[in-house]
Amino acid sequence: MGEYILPIVDLVQKELLLFASICFILGAIDDVIFDGFWIVHSLKRKLLACHHHDRVTIDQLPPSKDHNPLAIFGPAWREAEVIGAMVRRCLDHWPHQNYRLYVGCYPNDGETIAAVAAAACSIDRVRIVICDHDGPTSKADCLNRLWHALCQDEVLESISYKAVILQDAEDLVHPQALDLFDILIDRASLVQIPVIPRRAARSIWVAGHYGDEFAEMHGKQMVLREALGVSLPSAGVGCAFRRDELRKLAVLTNGKPFDATSLTEDYEIGLQLTQGNARGIFARLKDRHGQWVATQEFFPDKFEDAIRQKSRWVIGIALSGWDRLGWQGCWRENWMRFRDRKASFAAFVLAIAYLAIMLTGFLYLLQLAGFYQPDPISDLLIAMLGINALFVLWRLAFKGYFVFQLYGLREALWSVPRTLVANMINILAARRALFQYLRSLAGVQPKWEKTEHFHPDSADVRQLRPARTIIRDE
């Protein structure tokens, strides 16, 4: 039977290699063009702007003339272990005093309510808002409840909030982040600051790959999106929405600006608020100590949790997002949306490539054992494989550069083998998302799944020896 099956395996292996090679080359061309735009943009800034002016820090920005308060929204479901520390950190370390922290809790989550109440100590700047239904619901549903509470406060207290800022329960926020939002929200509908993933010392692989991805995403992709003048997606944390723009959106959505039917409401609302003539700002500024004004966040450190979280991103951005948001008339906007949505197809191609590699190894072992002599690979396919190898080196070097800039040499070196872990997570997440999406077409709506938040002990985190541009954990 082997004399019939092995030739078929040989044929399948070469066809899979050919298909994956063609797809990788097409995807790599898109990436290289994007990288080229970023290189030109960076050189232009350095040669024309930075050559004549020192880089502006947040302390050098002129203060805002609008003195209305800021509202910080923090949805919390079963966050008793981390929410108290987050509230105390905000109250103790934020020099900006003109704000109110709205924490959304659920009636069936008494532990989280108690933790917020104990940390707030009856301070007026913290308001606990109880959702109408038992949890868990979606994050957007909780945010809409906080929005209603804000609107009620504005009427009762005769005040008008300036902006709504989103933060998660475990975030470490730079002390001057509110000052930055307060200044820049006067000029834009959305202000997003960098998100810097942190991890415990033990979480090299799973949690570490988030750092690799965000280093490049918020070091290159968001920077170029703003430079191209296209809409900016929100990261869901470390972002501020202008209050009057949210009000306009709420009028169109029956008083609920955050879409509870979306799995990635943060991504969608960012695009909605910054499309067309509206402006979004991605603010990469440092303080006078050379540290980024950013939000640090701890991402999942378990393989299954990462797959579950990323499958939500894939279905919300790449699959359902295609249906919900469609395309625009501007080629730059469509290019960015295409890049957002190609993740699921890229994961499919990666799975095919890994299968082809395993079949190649299997056939090679048979050849060494003398059981089968595979047909030689064509010169064209060899050339394509060589081109892809160069593209892989280009991609690894580019990613390593951004990781080095943010975390240092050690993490940049780790980012190379971590690529395999990231690929496996993305493949399994895309598979899970695809099945959920197909079930949604049959009427079974995908369920919003909460990301489990954690905050490792400070000693465990400090073992990482992060680069000096990472803000300190106060």
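The values are calculated or read from the model by the stated rules, or taken from the named source; none is laboratory data. The structure presented is a predicted model; accordingly, all values stated were derived computationally and were not measured. Every residue, glycine among them, receives a Cβ derived from its backbone with ideal geometry; neighbour counts consider all protein chains shown. The area values use the complete protein model at the heavy-atom level, side chains included, leaving out ligands, DNA and RNA. Shrake-Rupley method; radii C 1.70, N 1.55, O 1.52, S 1.80 Å.
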When you scan the stretch 326-371, how many residues do you find that are crowded, with 18+ Cβ neighbours inside 10 Å and outside any helix (DSSP H, G or I)? 0
Return the pairs, sorted by first residue and then second, in which the second residue is of a type outside the set (A, V, I, L, M, F, W, C) and surrounded by fewer than 15 Cβ atoms within 10 Å (Cβ to Cβ), the first residue lies in the stretch 374-391 and is within 15 Å of Lys14 (Cβ to Cβ), the beta carbons are less than 7 Å apart, and the residues are 6+ apart or on different chains. Pro374/Gln367
Please work out which residue is nearest to Ala250 (Cα to Cα), limiting yourself to the stretch 273-315 and to residues that are part of a strand (DSSP E or B) and among the hydrophobic types (A, V, I, L, M, F, W, C). Ile281
Odd one out for Ser189, checked against (1) touching a helix residue (DSSP H, G or I) at 6+ places or on another chain (Cβ under 7 Å); (2) of a type in the set (Gly, Ala, Ser); (3) surrounded by fewer than 22 Cβ atoms within 10 Å (Cβ to Cβ): (3)
What single numbered condition from (1) surrounded by 13 or more Cβ atoms within 10 Å (Cβ to Cβ); (2) over 23 Å from the mean Cα position of the chain (by Cα); (3) over 28 Å from Ala85 (Cβ atoms); (4) modelled with pLDDT under 90 fails to hold for Gly443? (1)
Complete set of residues in the stretch 231-257 that are under 18 Å from Phe181 (Cβ atoms) and not aliphatic (A, V, I, L, M): Pro233, Ser234, Gly236, Gly238, Cys239, Phe241, Arg242, Arg243, Asp244, Glu245, Arg247, Pro257
Applying the selection to the stretch 192-217, what residues are in a helix (DSSP H, G or I) and open to solvent by less than 10 Å² (accessible area, probe 1.4 Å)? Ala207, Gly208, His209, Tyr210, Gly211, Asp212, Ala215
Picked from the stretch 97-137 (must be in contact with a strand residue (DSSP E or B) (Cβ under 9 Å, 6 or more places away or on another chain), touching a residue at least 12 places away in the same chain (Cβ under 8 Å) and small (Gly, Ala, Ser)), the residue surrounded by the most Cβ atoms within 10 Å (Cβ to Cβ) is Gly104
How many residues, within the stretch 243-266, are touching a residue at least 60 places away in the same chain (Cβ under 8 Å), closer than 24 Å to Gln445 by Cα and either of a type in the set (Val, Ile, Thr) or in contact with a Pro (Cβ under 7 Å, 6 or more places away or on another chain) (or both)? 3
